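Participant: Here it is: the structure, laid out below.
The values are calculated or read from the model by the stated rules, or taken from the named source; none is laboratory data. All values reported here derive from a predicted model rather than from experimental measurement. For neighbour counting, all protein chains shown are included, and Cβ atoms are generated from backbone atoms with ideal geometry for every residue, glycine included.
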Amino acid sequence: MIHLPASVRVYLATAPCDMRRSFDGLHALVNAVLQLDAFAGHLFVFANKRRDRVKILYWDRDGFAVWAKRLEEGTYAMPFSEAGQERQEITAQELGALLSGIDLSQARRRKRYRRKAAAAA
């Protein structure tokens, strides 16, 4: 289980990424393709075309950090999409499930209580 502060968001790049990219290349993708601020402290998840490698870029107080994993067997169930939707936001729990091999498109979320948004004053 991955435990992250509630303020941290997780964004999946919905197009395959060249896994030769590192800090600067992934930072450029976050800015140009995902159109997000890489310095915000959120997690940005990238996968390769074969879906057997994942990299996560995030800002760690004084510099970028990259977490990477290569599967020896099998693939990740990354939700790649067609042009037009460059990113998808998921929860930290969904990221943990995805990295554990669970296909999010087939998983169903059970009903839970959600506080209704306060009415505008």
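Participant: Filtering segment 63-77 down to residues that are in a strand (DSSP E or B) and either within 15 Å of the chain's Cα centre (by Cα) or of a type in the set (Asp, Glu) (or both), which residue is farthest from Leu43 (Cα to Cα)?
Facilitator: Here is the first cut: in segment 63-77, the ones in a strand (DSSP E or B) are 64-70.
Next, only the ones that are either within 15 Å of the chain's Cα centre (by Cα) or of a type in the set (Asp, Glu) (or both) stay: 65-69.
Details: Ala65: 10, Val66: 10, Trp67: 10, Ala68: 12, Lys69: 15 Å.
The extreme case among them is Lys69.
Participant: Cβ-Cβ under 7 Å, sequence separation 6+ or interchain: first residue in segment 65-80 and closer than 19 Å to Arg21 by Cα and at pLDDT below 90, partner in a loop (DSSP other than H, G, I, E, B) and of a type in the set (Gly, Ala, Ser). Which pairs?
Facilitator: Note: pairs meeting the criteria are Phe80/Ala15.
Participant: Keeping to segment 7-22, report how many residues are surrounded by 13 or more Cβ atoms within 10 Å (Cβ to Cβ), out of contact with any Ser or Thr (no Cβ under 6 Å at 6 or more places or on another chain) and part of a loop (DSSP other than H, G, I, E, B).
Facilitator: In the first step, residues of segment 7-22 are kept if they are surrounded by 13 or more Cβ atoms within 10 Å (Cβ to Cβ); the result is 8-17, 19, 21-22.
Subsequent filtering for residues that are out of contact with any Ser or Thr (no Cβ under 6 Å at 6 or more places or on another chain) retains 8-13, 15-17, 19, 21-22.
Next, from what is left, pick out any that are part of a loop (DSSP other than H, G, I, E, B): 8-9, 15-17, 19, 21-22.
Matching residues across segment 7-22 total 8.
Participant: With the requirement that a residue be free of Cβ contacts under 8 Å to residues at least 40 places away in the same chain, buried (at least 18 other Cβ atoms within 10 Å of the Cβ) and part of a loop (DSSP other than H, G, I, E, B), what does segment 23-59 give you?
Facilitator: His42, Asn48
Participant: Then there's this: Report yes if some residue within segment 89-96 is in a loop (DSSP other than H, G, I, E, B), modelled with pLDDT of 85 or more and either over 28 Å from Asp24 (Cβ atoms) or not charged (D, E, K, R) (or both); otherwise report no. Explain how you work it out, then say what you get.
Facilitator: The first filter runs over segment 89-96 and keeps only residues in a loop (DSSP other than H, G, I, E, B), leaving 91.
Narrowing further to those that are modelled with pLDDT of 85 or more: 91.
Filter again for either over 28 Å from Asp24 (Cβ atoms) or not charged (D, E, K, R) (or both), leaving 91.
Yes, that holds for at least one residue.
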